[in-house]
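A short reminder: the numbers here are calculations on the coordinates, not readings from a lab. Being a predicted model, the structure only gives us computed values, none of them experimental. Glycine gets a Cβ as well: all are built from the backbone with ideal geometry, and neighbour counts include every protein chain shown.
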């Protein structure tokens, strides 16, 4: 993965982002409620909405989209969402590269913390977040359309 590039996504990337999210989460579909899975794997139209709400990044290797993440500024915090890495590309520090980009963006915007919600069954993602300095909080929400959630945060200032 020497050629990994993390860059801001644009409207033309919406379908590719949708495909990455679906491929990354399809193995976990039985653990989600139908509405929870739909919210986790938005269609291209919803990705376009997210592009309006905040930055969306894509990780590209050999001209292939291998990961994605997005964020929304919320006061002095940056909410991280829609993070995914293709199953065949996991373990290559792509998620870490996306989180580094997100933290850099947060610092540029004087954020005091990063926060995200995740499901208890995404073990690899949770370990990545913990290695990156995120800690579990009691902050809600506690579910996504019936799929259990918990929130993690990383204080950065």
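Structural remarks
- The residues of region 24-37 that are touching a residue at least 24 places away in the same chain (Cβ under 8 Å), farther than 11 Å from residue 82 by Cα and surrounded by 13 or more Cβ atoms within 10 Å (Cβ to Cβ), listed by number, are 28, 31, 32, 33, 36, 37.
- The strands (runs of 3 or more DSSP E) found wholly in region 72-157 and carrying at least 3 residues that are surrounded by 13 or more Cβ atoms within 10 Å (Cβ to Cβ) and touching a strand residue (DSSP E or B) at 6+ places or on another chain (Cβ under 8 Å) occupy 77-85, 113-118, 150-155.
- The residues in region 9-19 that are touching a helix residue (DSSP H, G or I) at 6+ places or on another chain (Cβ under 8 Å) and surrounded by fewer than 17 Cβ atoms within 10 Å (Cβ to Cβ) can be counted, and the count is 3.
- The single condition among (1) within 24 Å of residue 121 (Cβ to Cβ); (2) buried (at least 18 other Cβ atoms within 10 Å of the Cβ); (3) touching a helix residue (DSSP H, G or I) at 6+ places or on another chain (Cβ under 6 Å) that residue 6 does not satisfy is (1).
- Filter result (over 22 Å from residue 90 (Cβ atoms) and either in contact (Cβ under 8 Å) with a residue 60 or more places away in the chain or part of a loop (DSSP other than H, G, I, E, B) (or both)) within region 40-55: 43, 54, 55
- Which numbered condition residue 59 fails, given (1) in contact with a helix residue (DSSP H, G or I) (Cβ under 6 Å, 6 or more places away or on another chain); (2) under 20 Å from residue 150 (Cβ atoms); (3) surrounded by 19 or more Cβ atoms within 10 Å (Cβ to Cβ): (2)
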